[in-house]
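Here is the structure we will look at.
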Amino acid sequence: MSREVAVLANVLLERAKLAGIRVATAESCTAGLMALTLSDAEGASDFFEGGFVTYSKAQKTAALGVSRHVLRDKGAVCCEVASAMAEGALLHSGAGVAGAITGVAGPSPDEDDNPIGRVCIAVALRGTRPRSFERNYGDVGRDVIREQAVADTLNAMIELVELKSVAA
């Protein structure tokens with residue numbers, strides 16, 4: 001993991017500490033990379049709740065409660081699924097903020113013909129609707145896609161926690 005992403009993980013945990021909340025992750029194509037990055041950060045045990053790695057559609061439903069109908073109708077790589085993953089991470093943990101990543105890191109398109117590099121991200125605070133967005137990184141390699149997805153998710157989580165702190 002790059003130094004930049006490690007710094008983002010530290011910043012998120014610092015902001016979570018100031019806001020008095022814990023952090024959770026829900027990941028698919030990043031396969032736990034965001035959770036690993038957060039667990040490596042200073043003070044992780046105080047504010048990192050844990051993570052869910054839900055690589056398959058079935059596991060997204062079993063672990064996070066993502067609707068089978070949405071997965072069937074829209075596929076696993078869409079903002080609706082990312083949002084449901086973030087909500088599920090909050091529902092099944094004691095965290096106050098969650099970030100979710102679902103996408104295609106390669107080496108080939110997924111079963112729903114989503115192209116390599118398409119990633120959907122969602123972030124949510126407990127008690128609020130998730131914010132989601134899509135990124136298309138292109139076929140730049142699995143490691144690059146995963147690292148960029150983690151960086152974008154951490155940045156979005158930092159922004160959300162900072163907004164919570166300002167509003168409080």
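Throughout, read-outs are computed from the coordinates displayed, never taken from laboratory work. Quantities reported herein were computed from a predicted structural model and do not represent experimental measurements. No Cβ is skipped: glycine too gets one built from the backbone with ideal geometry, and neighbour counts run over all protein chains shown.
In nanometres, what is the gap between the two model label sites at Ala31 and Asp113, each 7 Å from Cα along Cα-to-Cβ?
Between Ala31 and Asp113, the simple spin-label model gives 2.7 nm.
Quick one: compute the contact order of region 29-79, relative version, from alpha carbon pairs under 8 angstrom and 6+ residues apart, as a percent.
RCO, region 29-79: 27 percent.
Scattering from the C-alpha atoms of region 3-167 alone, worked out with Debye: what is log10 I(q)/I(0) at q = 0.08, 0.11, 0.15 1/Å?
With no solvent term, the Cα-only Debye profile gives -0.20, -0.37, -0.70.
How high is the relative contact order of the chain, given as a whole-number percent (alpha carbon pairs under 8 Å, six or more residues apart)?
Reported as a whole number, the value is 24 percent.
Report, in debye and to the nearest 20, how large the dipole of region 3-167 comes out about its Cα centre when Lys and Arg carry +1 and Asp and Glu carry -1 on their Cβ. The partial results should precede the final answer.
On the way: 17 positive and 21 negative charges, 95 e Å.
Using only the charged Cβ atoms, the result is roughly 460 debye.
Add +1 for every Lys or Arg and -1 for every Asp or Glu among the other residues with Cβ under 12 Å from the Cβ of Val5, and state the total.
Spelling it out: positives minus negatives among the neighbours equals -3.
Using 7 Å Cα-to-Cβ label points, what is the Val166/Ser39 separation (nm, one decimal)?
According to this spin-label approximation, the distance is 3.4 nm.
Among Ser56, Ser132, Ser28, whose mean-square fluctuation peaks in a Gaussian network model of the chain (Cα, cutoff 10 Å)?
Of Ser56, Ser132, Ser28, the most mobile in the Gaussian network model is Ser56.
How long is the gain from Asp143 to Lys74 if the chain were fully straight, where each residue apart is worth 0.36 nm and the alpha carbon distance is subtracted?
22.3 nm
Among Glu27, Glu111, Glu134, determine the one that fluctuates most according to a GNM of the chain built with springs between C-alpha atoms less than 10 Å apart.
Evaluated over the chain, the most mobile residue of the options is Glu111.
Which shape class applies to region 80-168: rounded if a/c is under 1.5, otherwise prolate when a/b exceeds b/c and oblate if not, where a ≥ b ≥ c are the square roots of the Cα gyration tensor eigenvalues?
Prolate.
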